[in-house]
Amino acid sequence: MNDKGKELYDVIKGKINSMKEEDSLERQYWNFWKLGCFLKTKAHDLKNVYEDTSREFVDKYKEQLIKMREQVLENLDYYVEKCINVMRKANNFKVHYAKTNKEAHHIFMEELGDNKVVYKSKSNEAKDIGIIDFLKKNDIIIKETDLGDVLVQLFDYKLPSFQVGPGAHFSIDDIVAKIKEMHGVELEPKPSAIVDYYRKTYRKELLNNVKVSLTSANAISAEDGTIVLGENEGNISLLTRATEKHIVVCGIQKIVPTVLDAVLVAKIQSRINNVPFNYINLISGPSSTSDIRGINVLGMYGAKEVVIILVDEWRTKAIKENLFYKDYLKCISCRTCNFVCTAARAFGNIFASKYGWGATAILTDYIHNGIEAAVQDGLFFCTNCENCYHWCPVSINIGEIMKSIKKEAKKAGLCPPPLKEYQQKILKDKNPFK
Amino acid sequence: MTKLIYLGCLSLKNYEPTCKNAIKIIKFLDNEYKVLDDAPCCGSLAFNISSDEELKTHIQYVNNWFRANDITELVTICAGCYSYLTKYYKELLGTDFNVEIKHLLQFITEPRNLEKLDLQYSGKKLSINYHDACHLRNASKPIIEEPRIILKSIKNVNFNEMGYNKTNSICCGAGGGVYSIFKGNSDFNAKAIFDNMKKGKILLTACPFCYTALKRIKEENNIKKSIIKFEDFIANLMEGVDPIN
Ligand code: SF4
Ligand code: SF4
């Protein structure tokens, strides 16, 4: 182990210690997280309101889903081209294909023009592509709209947050106190009062002030270029309608063959996590009307312009070079693997990266920032239990991918010392305990 | 042609009575099986961090040892050994690897063995749970039904499924060498396994890694339920000893 290895091992141990401190943010977060995981996994096997359990629903479509994702990845170039063509020709979308994240950042800035404020939905893709960091660096004001993220932003919260239910760990009293501190308004400590406050104030702003909005896509249909976006709050509905320009930023892996496939992806995400998608938006063009003498005019009540930035970055390379994590491209971002993950349950928010939380976020960090980043995120907390694999609706073996990253870490001298000692003893003495 | 009892280094180091029990069971069922003193480690703890070349060198060493001792079949009591011997040895050595690998659970499940054992519990009806270890449920030939067949065959024993079981079982948090570096992983997960027991008075595990974590958590948290290794449980029943004591 080199000096960097020791340093990172100490960083991780420091994180564990902070998690043990009763009042630390890490601790608070973890306490909530344990409960969240418990409820999520439990909910998989409950019938709830449907005739089938979430698990049964996912199992019913699993084979179809896997086949569909494999088909896309085997022919990714074809689907990307087909999708871009149809989006341009049929949907009046302005489409950019960015080879790199950096290219995507510049395209976004150009699309932004003189605007200095971007309203965004919860978008892991935007984090992954680094748009948020880039915009912040360029003094663009980011306004969250998902209530969870609004709260996280209100608290100026530094740690990565849940992908499903961000901000759910804040107590009602803390939220009410924070709103008083930041906005000078005293609210009754009730969820409905908080929601009502944002409905009365922020909804108005969303209806009237949004010039540029940013969302990702749950899936995009190559067949007709339709963007599918699921949500429960209605913020995405507002962001995609009550705006001048709606910009969609996502990786090319979001493309699926047909609009039915795209809806299936959204349905699986909703059912598997037991989060209601009260609205599934299917967007096939900017708002338009032909009611005046049949002449088509864009921008009636909804978005005047819809801009799509499709990003490649590592994706085509992973396929062409058969990289060990290429299977991750099949991912439909349902985050189930995070809820059932042994390491994530045990280590909460310290098994995470700046891209979010859990093994997938660590993998993303590895892809963008290399092996040291992954080790620092808690790579070696992973027990290779493969719970992630067993629960994944598209059967991605994240555990196996983590194993490959561990091997690379060892090669780079970043493996925790006790583990390395065992290995040395096995290889030399043929017994780890001699 | 030698039939080997492959105990695994963790059990050999920490669980000598269990090793003796396992040997008793295996030899009772087939006396041709024997233990050899200098059996090398399968390499389990090194697999997650070693390069293919390092692994291959180690695996070849172990295979040469098997050959030198004319090992054609082995029964292992270690979930980790079973998982790695059946996966990587075949993968990396191909047809050069000619040892038939069985886990004790598979060995016991063979009909003539189950019949010969004819197990029963002599006390008041005993309610048990079985924990599916990752090493067994994830193996290239998963061991999932075998323990259930065995346990259901035992007279006066009531087998209960865990809330999360088979491929969805909760991991004890000790796998992948994590126990040697971040024990905290088990603090939450091993405890969750006990919480996940339905009805059972005792929890059985066939993995020495899981046992190590579960035992510690039981003691630290004053958990009343017993944690018992599969081999010990079976050996006790064979001898009419109450496994709970
Ligand atoms: S294999 Fe690793 S990443 Fe997957 S569930 Fe287990 S601990 Fe989490
Ligand atoms: S890897 Fe699988 S389980 Fe995890 S987020 Fe992606 S699709 Fe969901």
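The values are calculated or read from the model by the stated rules, or taken from the named source; none is laboratory data. These figures come from a predicted structure and were not determined experimentally. Cβ coordinates were reconstructed from backbone atoms using ideal geometry, including for glycine residues, and neighbour counts include every protein chain displayed. To get the accessible areas, we keep the full protein, side chains included, count just its heavy atoms, and leave off ligands, DNA and RNA. Shrake-Rupley method; radii C 1.70, N 1.55, O 1.52, S 1.80 Å.
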Fill in: Checking residue A:368 against (1) under 17 Å from the mean Cα position of the chain (by Cα); (2) more than 13 Å from every other protein chain (Cβ to nearest Cβ); (3) of a type outside the set (D, E, K, R); (4) surrounded by 19 or more Cβ atoms within 10 Å (Cβ to Cβ), the condition it does not meet
(4)
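For region B:1-92, please list each of the helices (runs of 4 or more DSSP H) lying entirely inside it that holds at least 3 residues being within 14 Å of chain A (Cβ to nearest Cβ) and at pLDDT 95 or above.
Working: elements: B:9-14, B:16-29, B:52-68.
Result: B:52-68.
Rundown of residues vs (1) in contact with a helix residue (DSSP H, G or I) (Cβ under 7 Å, 6 or more places away or on another chain); (2) more than 7 Å from chain B (Cβ to nearest Cβ); (3) open to solvent by 30 Å² or more (accessible area, probe 1.4 Å), yes/no style:
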position: A:375; (1), (2), (3): yes, yes, no
position: A:385; (1), (2), (3): yes, no, no
position: A:421; (1), (2), (3): no, yes, yes
position: A:428; (1), (2), (3): no, yes, yes
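Going by what's in this entry, would residue A:129 be described as surrounded by fewer than 19 Cβ atoms within 10 Å (Cβ to Cβ), under 19 Å from the mean Cα position of the chain (by Cα) and touching a residue at least 12 places away in the same chain (Cβ under 8 Å)?
no
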Worksheet item: How about region A:391-411: which of its residues are open to solvent by 40 Å² or more (accessible area, probe 1.4 Å) and either at the interface with chain B (Cβ under 7 Å from one of its Cβ atoms) or more than 16 Å from ligand 2 (Cβ to nearest atom) (or both)?
Response: A:407, A:408, A:411
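Would you please name the residue that is nearest to residue B:188 (Cα to Cα), looking only at residues in region A:342-351 that are of a type outside the set (D, E, K, R) and within 12 Å of ligand 1 (Cβ to nearest atom)? First the steps, then the outcome.
Our first condition is that a residue be of a type outside the set (D, E, K, R); within region A:342-351, this holds for A:342-344, A:346-351.
When the remaining residues are screened for being within 12 Å of ligand 1 (Cβ to nearest atom), the result is A:342-344, A:346-347, A:351.
Values: A:342: 9, A:343: 10, A:344: 10, A:346: 5, A:347: 9, A:351: 14 Å.
Filtering region A:342-351 for residues that are of a type outside the set (D, E, K, R) and within 12 Å of ligand 1 (Cβ to nearest atom), the one nearest to residue B:188 (Cα to Cα) comes out as A:346.
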Worksheet item: Only one of B:211, B:130 is part of a helix (DSSP H, G or I) and open to solvent by less than 30 Å² (accessible area, probe 1.4 Å); which?
Response: B:211
Response to the item:
Scanning region B:146-186 residue by residue, those farther than 26 Å from residue B:115 by Cβ and either among the hydroxyl-bearing types (Ser, Thr, Tyr) or away from chain A (no Cβ under 12 Å) (or both) turn out to be B:162, B:164, B:167, B:169, B:179, B:180, B:186
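For (1) over 28 Å from residue A:152 (Cβ atoms); (2) open to solvent by 20 Å² or more (accessible area, probe 1.4 Å); (3) touching a residue at least 60 places away in the same chain (Cβ under 8 Å), each residue gets a yes or a no:
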| residue | (1), (2), (3) |
| --- | --- |
| A:311 | no, no, yes |
| A:314 | no, yes, no |
| A:319 | yes, yes, yes |
| A:334 | no, no, yes |
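Listed here are the residues, each with its yes/no results for (1) within 14 Å of chain B (Cβ to nearest Cβ); (2) within 11 Å of ligand 2 (Cβ to nearest atom).
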{"site": "A:315", "(1), (2)": "no, no"}
{"site": "A:320", "(1), (2)": "no, no"}
{"site": "A:329", "(1), (2)": "no, yes"}
{"site": "A:335", "(1), (2)": "no, yes"}
{"site": "A:340", "(1), (2)": "yes, yes"}
{"site": "A:346", "(1), (2)": "yes, no"}
{"site": "A:361", "(1), (2)": "no, yes"}
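Filter region A:16-31 down to the residues that are among the hydroxyl-bearing types (Ser, Thr, Tyr) and either in contact (Cβ under 8 Å) with a residue 40 or more places away in the chain or assigned to a helix (DSSP H, G or I) (or both), then identify the one that is surrounded by the most Cβ atoms within 10 Å (Cβ to Cβ). Step through it out loud before you land on a result.
Residues of region A:16-31 among the hydroxyl-bearing types (Ser, Thr, Tyr): A:18, A:24, A:29.
Then drop every residue that is not either in contact (Cβ under 8 Å) with a residue 40 or more places away in the chain or assigned to a helix (DSSP H, G or I) (or both), which leaves A:18, A:29.
On the way: A:18: 14, A:29: 25.
Step by step, filter region A:16-31, then rank; the result is A:29.
What do you reckon, is residue B:143 away from chain A (no Cβ under 14 Å) and in contact with a helix residue (DSSP H, G or I) (Cβ under 6 Å, 6 or more places away or on another chain)? Full working, then the answer.
Working: away from chain A (no Cβ under 14 Å): yes; in contact with a helix residue (DSSP H, G or I) (Cβ under 6 Å, 6 or more places away or on another chain): yes.
Yes.
A quick yes/no check of all residues on (1) within 18 Å of the chain's Cα centre (by Cα); (2) on the phi > 0 side of the Ramachandran plot; (3) modelled with pLDDT of 95 or more:
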residue: A:213; (1), (2), (3): yes, no, yes
residue: A:216; (1), (2), (3): yes, no, yes
residue: A:221; (1), (2), (3): no, no, yes
residue: A:270; (1), (2), (3): yes, no, no
residue: A:280; (1), (2), (3): yes, no, yes
residue: A:283; (1), (2), (3): no, no, yes
residue: A:286; (1), (2), (3): no, no, yes
